[in-house]
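Chemist: Please see the structure below; I have some questions.
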Amino acid sequence: MTEFPRLTYDALTVGEQFVSDTHLVTPEDIEAYAFAVDDHHPWFTHDSPVGGPVAHPTLMANQALHLRHSKYIVHAGLHAKMQFEFVEPIRPGMRVRSRGTVVDKYERRGRQYMVTEYVTEDETGAVLVRGQFTQMLIPEGTRHAAR
Amino acid sequence: MPLAETVAVGQELPALVKEMSQRRIDVYSGVRPRSIHTDEAWARQKGFRTTLAQGMMSTAFASEMMTRLLGEGFIRGGTLSMAFIKPVYAGDRLTVHGVVRETRPESARTRVVVEVWCQNQHGEKTAVGTASGLTEG
């Protein structure tokens, strides 16, 4: 049974690891994503140069971004930076999961940040996407001064 | 057909315009309470004037621009790095820009490096970064 403590800067440990559940990529996922970002490239529904349809390269980015939710209750946060390396296309029918490691945490100008390296892979463990992201923590009881 | 055959340093890529409707934000982020993306009252409580789009949506827009430019050379072998520097609110209109900054040999191919950024309807940059991908020759 997983317990979900509240995510705080102090609770977070550099080196701690996260893993997502496995997600079956469906044509409906790809269609919904295409609507959300208003990108209806024909390769999402028809043949592509790599054989068969492919998903939008960033389709599973939220699986990676939400990794910390697999261990913590996250009060609120903002996404500061995102890096991707698109190794192999994500395709419908794949079962994909993301794994991440907290590689840094720091405070700057009164704000708290965490940095996670991640990889998204298929059911065989083949790497599809890898990268790193930086998230800002918004502690409970505080407001973010929007810029 | 990808645009890559015409790539040259300094070339400005065709801009994309994106209307950031709450409906699209809802589909992207998934509707739930206590979310700055889909719960307006919560977003205001957290200090924002209304709900925000996820920064990640801007990476999708840059990815679209790069896939149009390089095709397979972006979806396999592409990179993208972006910083989210201003909130994007529901109702905003984003224009996505790209300028080719560098081409360099990589194995038997050429890596094309593009400066990318998103700008809102007030002319303010909301996300900035760099993307790259491979093309033949």
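The values are calculated or read from the model by the stated rules, or taken from the named source; none is laboratory data. Because the structure is predicted, anything quoted here is derived from the model rather than measured. All Cβ positions, glycine included, derive from the backbone under ideal geometry; neighbour counts span all protein chains shown. The accessibility values were calculated without ligands, DNA or RNA, using every heavy atom of the protein model including side chains. Shrake-Rupley method; radii C 1.70, N 1.55, O 1.52, S 1.80 Å.
Chemist: Summing -39500 (n - 2.57) over the DSSP H runs of n ≥ 4 in chain A and dividing by its residue number, what mean residue ellipticity at 222 nm do you reach, to the nearest 500 deg cm²/dmol?
Modeler: When only DSSP H runs of four or more count, the value is -3000 deg cm²/dmol.
Chemist: Using alpha carbons only, how many degrees (0 to 90, rounded to 10) separate the axis of helix A:27-37 from the longest principal axis of chain A?
Modeler: 60
Chemist: Using a 1.4 angstrom probe and counting only protein chains, how large is the accessible area of B:S21 in Å², to 10?
Modeler: About 40 Å², ignoring ligands and nucleic acids.
Chemist: Note down the net charge around B:V9, summing +1 for each Lys or Arg and -1 for each Asp or Glu among other residues with Cβ under 10 Å from its Cβ.
Modeler: Value of the local net charge: 0.
Chemist: Where is the GNM fluctuation largest for chain A (alpha-carbon springs, 10 angstrom cutoff): A:D29, A:D38, A:D104?
Modeler: Result for chain A, Cα springs under 10 Å: A:D38 fluctuates most.
Chemist: Further question on the same structure: Among A:R108, A:R130, A:R95, which one shows the biggest mean-square fluctuation in a GNM of chain A, springs joining Cα atoms closer than 10 Å?
Modeler: The residue that fluctuates most here is A:R108.
Chemist: Sequence gap at least 6, Cα distance under 8 Å: using those rules, report the relative contact order of region A:31-130 to the nearest whole percent.
Modeler: With pairs under 8 Å counted, the relative contact order is 23 percent.
Chemist: How big is the dipole moment of chain B about its Cα centre under a simple scheme where the beta carbon of each Lys and Arg is +1, that of each Asp and Glu is -1, and everything else is neutral? Debye, nearest 20, please.
Modeler: 500
Chemist: I'd like the accessible area for B:W42: 1.4 Å probe, protein heavy atoms, all chains in place, Å² to the nearest 10.
Modeler: 20
Chemist: Once the principal axes of the Cα atoms of chain A are found, what is the range along each, listed largest first in whole angstroms?
Modeler: 49, 36, 26
Chemist: Largest first, how would B:K46, B:K86 line up by accessible area (1.4 Å probe)?
Modeler: B:K86, B:K46
Chemist: Please give the charge dipole size of region A:65-147, origin at the Cα centre, charges +1 on K and R Cβ atoms and -1 on D and E Cβ atoms. Round to the nearest 20 debye.
Modeler: It works out to roughly 420 debye.
Chemist: Put +1 on the Cβ of every Lys and Arg and -1 on every Asp and Glu Cβ in region A:1-143; which of A:H69, A:Q112, A:H23 then has its Cα farthest towards the positive end of the dipole?
Modeler: It is A:Q112, whose Cα lies furthest towards the positive end.
Chemist: Using a Gaussian network model on chain A with a 10 Å cutoff between Cα atoms, which of A:V37, A:V127, A:V54 fluctuates the most?
Modeler: Top of the fluctuation ranking is A:V37.
Chemist: Quote the relative contact order of region B:51-137 in percent (integer), defining contacts as alpha-carbon pairs under 8 Å separated by 6+ residues.
Modeler: 34
Chemist: Calculate I(q)/I(0) for region B:28-137 by the Debye formula, one identical point scatterer on each C-alpha and no solvent, and give its log10 at q = 0.11 Å⁻¹ to two decimals.
Modeler: Debye output, listed in q order: -0.42.
Chemist: Find, to one decimal place in angstroms, the Kirkwood hydrodynamic radius of region B:1-93, where the mean of 1/r is taken over every pair of different Cα atoms and then inverted.
Modeler: 15.0
Chemist: As I understand it, the value is the acute angle between the Cα axis of helix B:56-70 and the longest principal axis of the Cα atoms of chain B; what does it come to in degrees, rounded to 10?
Modeler: The angle comes out near 20 degrees.
Chemist: Is there a quick way to get the dipole size of chain A? I mean about its Cα centre, with the Cβ of Lys and Arg at +1 and of Asp and Glu at -1; what is the value in debye to the nearest 20?
Modeler: My answer is approximately 780 debye.
Chemist: Which GluC sites (Glu not before Pro) in region A:32-129 pass both tests, a DSSP loop state and at most 16 other beta-carbon atoms within 10 Å?
Modeler: A:E123
Chemist: Continuing with the same structure: If each DSSP helix of 4+ residues adds -39,500 (n - 2.57) and the sum is divided by the residues in chain B, what number results at 222 nm, nearest 500 deg cm²/dmol?
Modeler: Roughly -6500 deg cm²/dmol at 222 nm, from the helical runs in chain B.
Chemist: Right, next: Straight distance only, please: which lysines reach the Cα of B:K86 with their own Cα at less than 18 Å, same-chain residues fewer than 8 apart left out?
Modeler: A:K81, B:K18, B:K46, B:K125
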